[in-house]
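A short reminder: the numbers here are calculations on the coordinates, not readings from a lab. This is a predicted model, so every value here is computed, not measured. Every residue, glycine as well, gets a Cβ built from its backbone with ideal geometry; the counts of neighbours run over all protein chains shown.
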Amino acid sequence: MAQAENPLIPIQDKVVRIHSRLLDFFRNVLVKIKPMIVSLQGFLVNVKKAAKEIAKTVGKSAVDSVIKLGTKLIQVIAFVEKLVIEGIRFAAKVLGVIKKAAKEPQKAFKVVKAMVARLAKLFRTILAKVVEIMVAINPIEMVLRLIDTMKMMLQLVFRWITQVGGITSGVKKAKALIKKSFKLLKAEAKQVTEMVKEANKLKPA
């Protein structure tokens, strides 16, 4: 079938965009913030061990907050990474099915419809979880800044506390990267809706 007559082509174009956007998010956000996550994990281990002592300087609520918020941030980012990798692989799989059906696209209508619905759901879940990251990252940055202002006193007992400055800076950079990429992902949501509409128009033989 000629490419112009193939109803799967408009869907394919949108899947290509989704694949590209998720790949970009993985490479330019998730990979780049990985060092910050590793540093934060190590920092939280130390904070938990010395929680009572640190609380004497910065307050128990600040210590509890940094542990709770930091742990949640790490968990959500790890979950988003898992979903994004799944989305990249699944989008590639959809493209493979469409490519194989080039000569007789109607035979793949049912499969493509189901796959597109799953890809759309996956993309929307990623979008919702990125919002969770953005919500979680603001308070953790504030608490880290609080600890950073008191590190001069704390480092007399805990030398590792000096890491807080670099971690705070890393969180700030991560927030900027995520915020910028979220706008791009959100803009793609309209294309995802159009993709689903186009897939729903397919009438399996």
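Partners of K110 within straight-line reach, counting aspartates and glutamates whose Cα lies under 16 Å from its Cα and excluding those fewer than 8 residues away in the same chain: E198. Note: relative contact order over the stretch 81-205, using C-alpha pairs below 8 Å and six or more positions apart, is 39 percent. The share of alpha-carbon pairs in the stretch 112-175 lying farther apart than 18 Å comes to 55%.
When shorter helices are ignored and each DSSP H run of at least 4 residues is given -39500 (n - 2.57), the per-residue value for the chain at 222 nm works out to -29000 deg cm²/dmol. In vacuum, with every alpha carbon of the stretch 6-55 counted as one equal point scatterer, what does the Debye formula give for log10 I(q)/I(0) at q = 0.15, 0.25, 0.29 Å⁻¹? Two decimals, please. Taking Cα atoms of the stretch 6-55 as identical point scatterers yields -0.61, -0.87, -0.96.
Compared with the direct C-alpha span, the chain from R159 to S39 gains 41.7 nm at full extension, assuming 0.36 nm per residue. Which whole-angstrom value gives the distance between the alpha carbon centres of the stretch 13-28 and the stretch 137-205? Cα centroid to Cα centroid, the span is 18 Å.
Applying 1/(1 + (r/R0)^6) with R0 = 45 Å to the Cβ-Cβ distance of R145 and T125 gives a FRET efficiency near 0.90.
Applying the Karplus relation 6.51 cos²θ - 1.76 cosθ + 1.60 with θ = phi - 60° to the stretch 19-31 yields 3J(HN,Hα) values of 4, 5, 5, 5, 5, 5, 5, 5, 6, 9, 10, 4, 5 Hz, where x marks Gly and Pro. Among the trypsin sites (Lys or Arg not before Pro) within the stretch 124-205, those in coil by DSSP and having at most 13 neighbouring Cβ atoms inside 10 Å are K201. Computing FRET efficiency as 1/(1 + (r/R0)^6) for K93 and S61, where r is the C-beta to C-beta distance and R0 is 35 Å, gives about 0.15.
Remark: for residue pairs K34/K179; K107/K186; K113/K175, the C-alpha separation exceeds 26 Å in K107/K186; K113/K175. Projecting the Cα positions of V143, I161, V84 onto the charge dipole of the chain (unit charges on Cβ atoms of Lys, Arg, Asp and Glu, taken about the Cα centre) puts V84 furthest along the positive direction. What separates the Cα centres of the stretch 90-132 and the stretch 66-82 is a distance of 28 Å. Kirkwood radius, the stretch 66-114, all distinct C-alpha pairs, inverse of mean reciprocal distance: 13.2 Å.
With the convex hull constructed from alpha-carbon coordinates only, the stretch 1-115 shows a mean projected area of 9.0 nm² over all directions. Computing log10 I(q)/I(0) by the Debye sum over Cα atoms at q = 0.08, 0.12, 0.19 Å⁻¹ directly from the structure and comparing it against (i) -0.39, -0.66, -1.17; (ii) -0.25, -0.57, -1.40; (iii) -0.33, -0.64, -1.23 singles out (i).
Between S169 and R118, the contour length at 0.36 nm per residue exceeds the alpha carbon distance by 14.6 nm.
Each residue of the stretch 105-117 was assigned a 3J(HN,Hα) from its phi angle through the Karplus curve 6.51 cos²θ - 1.76 cosθ + 1.60 (θ = phi - 60°); the sequence is x, 4, 6, 9, 3, 4, 5, 5, 4, 5, 5, 5, 4 Hz, with glycine and proline shown as x. Over every Cα atom in the stretch 48-163, the radius of gyration and the widest Cα-Cα span, Dmax, amount to 22.9, 73 Å.
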